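Shown next, in structure tokens, is the structure this report addresses.
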Amino acid sequence: MTGYTPTHAGTVTKYVVVESFEITPADLAIRGYEISQGAMIKETCFGLVVSGKEEEVNRIVSGLRQMDP
């Protein structure tokens with residue numbers, strides 16, 4: 001059996017789920033891309049998936065929450 005070596009060691013992933021009637025996942029994705037400094041952002045049907053270093057991911061999620069707390 002071969003050993004498992006993670007490709008993104010030291011990163012976290014957070015899901016941002018849209019519950020608003022005014023904000024769409026596309027709106028969040030655009031804002032996420034604007035404020036991202038190296039994190040991976042993927043738009044989904046329910047919101048976003050944000051992966052990267054923990055500090056960067058937390059900063060992005062906080063910025064996105066300001067759009068519609």
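The values are calculated or read from the model by the stated rules, or taken from the named source; none is laboratory data. For clarity, every value in this text was computed on a predicted model and none was experimentally measured. We place every Cβ from the backbone using ideal geometry, glycine too, and count neighbours over all the protein chains shown. To get the accessible areas, we keep the full protein, side chains included, count just its heavy atoms, and leave off ligands, DNA and RNA. Shrake-Rupley method; radii C 1.70, N 1.55, O 1.52, S 1.80 Å.
Some notes on this structure:
- Average Cα contact separation per residue, the chain, under 8 Å, 6 or more apart, as relative contact order %: 36 percent
- The chain - percent of accessible surface contributed by carbon and sulfur, probe 1.4 Å: 54 percent
- One chain, two ends: residue 34 and residue 59. Fully extended at 0.36 nm per residue, the span grows by 7.8 nm beyond their Cα-Cα distance.
- Distance in nm between pseudo-label sites at residue 14 and residue 27 (7 Å out along the Cβ direction from Cα): 1.9 nm
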